[in-house]
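Worksheet: one structure, shown below.
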Amino acid sequence: MKQKKFGAGGANVSVIGQGTWYLDRGDRKAAIAALRRGIETGMTHIDTAEMYGDAELVIADAIAGLSREKLFLVSKVLPSNASRRGTITACERSLKRLKTDYLDCYLLHWRGSYPFEETVAAFDELVAAGKIRCWGVSNFDEDDLDELIDVAGQGKIACNQVLYHLQERAIEHAVIPWCEKNGVAVVAYSPFGHDKFPSARSKGGEVLQAIADAHKATPRQVALAFLTRAASVLAIPKASSAEHAADNAAAGNLNLSAADIAALDKAFPRGPKPRGLPML
């Protein structure tokens, strides 16, 4: 499994990680098996949030007995909880649910009404207390990032987690360039689209399949390899089974050629820059 730096001077993190949104709504044993299989195959980056129902509890069961230092756990605070005191309380609640002493990264889920000064102060306090190793954000456009870096300063924002899949490439216009310029990792959520992965019968699906066949891979592996082609980008697909997790992990060692990338770029054009940042 290839690894990338998680922000400027950050830890080396698996390029393909594991998302957990809706993970608690299916078969719990299958979810735990999927997470464990993912970890075994190198997907040690596990992403969750206080908003994701009981996902943190499922993760706690999946990582029980494993070496904590070999994992990279990320959770998020809701904007409605992102006051200075509220952020600290939410983090401590997530730590308890995950049965761990610290988070490798803690994110503001999206921009809310609390001033950045309050949330950043809480993040800094959590870092000083050893409860988180670094912090970042999710669903931030470049204007939001400009405001945040004015408050936090350079080198503080570890990542920006954003919607990114073959049919939604808006972040390529300004968000990825901003993050690369400022040493911020980009984490792609819903990298297969939200129940919108290209059909095998579509023109784009045919291109995916042809490239997959050439590499003895699957279309989803090709999609993940394309999305993570930039040095700053990682992806966190969700898997509902151990087999699906192993399939996702294999994308971490897939290298596409320049011709492959050009073909995918043509099949799934990024389109014009939208007025607002797309998010789920």
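Each reported figure results from applying straightforward, stated rules to the coordinates on display, with no laboratory input. Since the model is a prediction, treat every value here as computed from it, not as a measurement. As a convention, Cβ positions derive from the backbone with ideal geometry for all residues, glycine included, and neighbour counts pool all protein chains shown.
Which semi-axis lengths, in whole Å and largest first, follow from the square roots of five times the eigenvalues of the Cα gyration tensor of the chain? Don't skip to the answer; put the middle values down first.
Working: eigenvalues 172, 104, 49 Å².
Whole-Å semi-axes of the equivalent ellipsoid: 29, 23, 16.
Below 12 angstrom from the Cβ of residue 235, what's the summed charge of the other residues (Lys, Arg +1; Asp, Glu -1)?
Numbers: positive: 2, 4, 220, 229, 238; negative: 47.
Surrounding charge for residue 235 is +4.
Scan around residue 45 for amide H atoms under 5 Å from its own, H built in the peptide plane at 1.01 Å from N, and keep only partners 5 or more places away or cross-chain.
Under 5 Å from the amide H of residue 45 lie the amide H atoms of 14, 18, 72, each far enough along the sequence or on another chain.
May I have the extent of the alpha carbons of the stretch 58-141 along their three principal axes, as whole Å values ordered from largest to smallest?
That works out to 39, 24, 19 Å along the principal axes.
How many nm separate the modelled label positions at residue 253 and residue 69, each set 7 Å beyond the Cα in the direction of the Cβ?
2.5 nm
Kindly provide log₁₀ I(q)/I(0) values, in the same order as q = 0.09, 0.11, 0.17, 0.20 Å⁻¹, from the Debye equation applied to equal alpha-carbon scatterers of the stretch 134-280.
-0.29, -0.43, -0.96, -1.24
Would you tally the net charge around residue 69, using a Cβ to Cβ cut-off of less than 12 Å, leaving residue 69 out, and scoring K and R as +1, D and E as -1? It would help to have the intermediate numbers written out before the result.
Values: positive: 68, 70, 133; negative: 101, 104.
Here the charged neighbours net out to +1.
Where does the charge balance sit around residue 154 when Lys and Arg score +1, Asp and Glu -1, over other residues with C-beta under 13 Å from its C-beta? Numbers along the way, then the final one.
Numbers: positive: 156, 181; negative: 146, 150.
Every neighbour counted, the sum reads 0.
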